[in-house]
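Presented below is the structure to which this report refers.
The values are calculated or read from the model by the stated rules, or taken from the named source; none is laboratory data. Given the structure is predicted, the values throughout are model-derived calculations rather than measurements. Reconstructed Cβ throughout: ideal geometry from the backbone, glycine too, with neighbour counts over all protein chains shown. These accessible areas exclude ligands, DNA and RNA; they are computed on the full protein's heavy atoms, side chains included. Shrake-Rupley method; radii C 1.70, N 1.55, O 1.52, S 1.80 Å.
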Amino acid sequence: MSRIGLQAIAVPETVEVTVRDSGVKVKGKLGELEHQVPPVLELDYEEGSRQIVVRRKNDGRQARALHGLHRSLIANHVEGVSEGFVKKLELYGTGYSVDLRGKTLVLQVGFCHEVKFELPENIEVEIEQSNAQQDNPAKFTVKGLDKQRVGQFAATVRAVRPPEPYKGKGVRYAGEYVRRKEGKAFTGLQ
C-alpha cells in the first residue's frame with residue numbers, strides 16, 4: 001500500500017484547481033501547470049475541504065506503482081504555482097564568474113571559452129555575486145514553477161565543472177560538502 005499515495009494534497013486558497021477525467025490543471029499567483037494522470041488512477045477534488053485525493057481504480061501492479069508517484073507530482077505542481085522552487089548554486093575558483101545576458105546564462109569556469117546556457121521556459125536566474133574570489137564564491141539562484149525543470153537545469157549547469165576534490169574549484173549546490181583530498185606529498189629525496 002502506498003503511504004504517500006494515500007495522503008490528501010492540501011490546496012492553498014490562492015490556487016485554483018480544475019480536475020478533468022484525464023488530469024488536473026493548477027493555477028496560482030506564479031503561473032499555471034497541467035498534469036496528465038494515467039487511466040488506472042482517478043482524482044477527487046472537494047472544493048469545500050480544498051483537498052485533492054488520488055485514488056487507484058484497481059489494485060493492479062501498475063496502479064500500485066504509479067499511485068504515490070502521481071500524487072507527489074501533483075503536490076509539487078500545487079507547491080510550484082503557489083511558492084515556486086529554488087536551487088542555489090555557488091561557483092568556487094579564482095577568476096570564475098557568472099553573468100546573465102538577456103535569456104542566456106554565461107559562465108567562465110577556467111576554460112578558454114565561455115559556457116553559455118539558454119534559459120528554459122519558466123526558469124529564472126538571479127545573480128547575487130558575479131565574481132568568485134579566494135574563499136568567496138560567486139552565487140546565483142535558479143527559480144521556477146516546475147520542480148523537475150529547476151532541478152534539471154541546475155544539474156546541467158553544475159555538470160559543466162563539478163567540484164574537484166583537491167582545491168574544491170567548480171560549481172556546487174549551496175551547502176554542498178566537497179570531500180577534499182590531500183595532494184602529492186613531497187618525499188624529500190636525498
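If I ask for residues that are in contact (Cβ under 8 Å) with a residue 12 or more places away in the chain and open to solvent by 20 Å² or more (accessible area, probe 1.4 Å), which ones from the range 50-68 would you list? Outline the logic, then answer.
If we filter the range 50-68 for residues that are in contact (Cβ under 8 Å) with a residue 12 or more places away in the chain, which is where we start, we get 50-58, 60, 62-64, 66-68.
R50, Q51, V53, R55, R56, K57, N58, G60, Q62, R64, L66 - these are the residues of the range 50-68 that are in contact (Cβ under 8 Å) with a residue 12 or more places away in the chain and open to solvent by 20 Å² or more (accessible area, probe 1.4 Å).
Tell me which of these E121 doesn't satisfy, since it passes every other one: (1) surrounded by 19 or more Cβ atoms within 10 Å (Cβ to Cβ); (2) in a loop (DSSP other than H, G, I, E, B); (3) among the charged types (D, E, K, R).
In the conditions (1) surrounded by 19 or more Cβ atoms within 10 Å (Cβ to Cβ); (2) in a loop (DSSP other than H, G, I, E, B); (3) among the charged types (D, E, K, R), E121 misses (1) alone.
Of all residues in the range 107-150, which are among the charged types (D, E, K, R) and farther than 30 Å from H77 by Cα?
Listed by number, the residues that qualify are E114, D135.
Consider Q148 carefully, then state whether it is of a type in the set (S, T, N, Q), under 27 Å from E83 (Cβ atoms), touching a Lys or Arg at 6+ places or on another chain (Cβ under 7 Å) and open to solvent by 20 Å² or more (accessible area, probe 1.4 Å).
Considered against the rule, which asks whether it is of a type in the set (S, T, N, Q), under 27 Å from E83 (Cβ atoms), touching a Lys or Arg at 6+ places or on another chain (Cβ under 7 Å) and open to solvent by 20 Å² or more (accessible area, probe 1.4 Å), Q148 comes out as no.
Among the residues of the range 99-111, is any outside any strand (DSSP E or B), farther than 30 Å from G168 by Cβ and open to solvent by less than 30 Å² (accessible area, probe 1.4 Å)?
No, there is no match, as no residue in the range 99-111 is outside any strand (DSSP E or B), farther than 30 Å from G168 by Cβ and open to solvent by less than 30 Å² (accessible area, probe 1.4 Å).
Take the range 114-149 and flag every residue that is hydroxyl-bearing (S, T, Y) and either on the phi > 0 side of the Ramachandran plot or over 14 Å from the mean Cα position of the chain (by Cα) (or both). Lay out the reasoning, then the answer.
We begin by selecting, within the range 114-149, every residue hydroxyl-bearing (S, T, Y); these are 130, 141.
Scanning the range 114-149 gives a single hit, S130.
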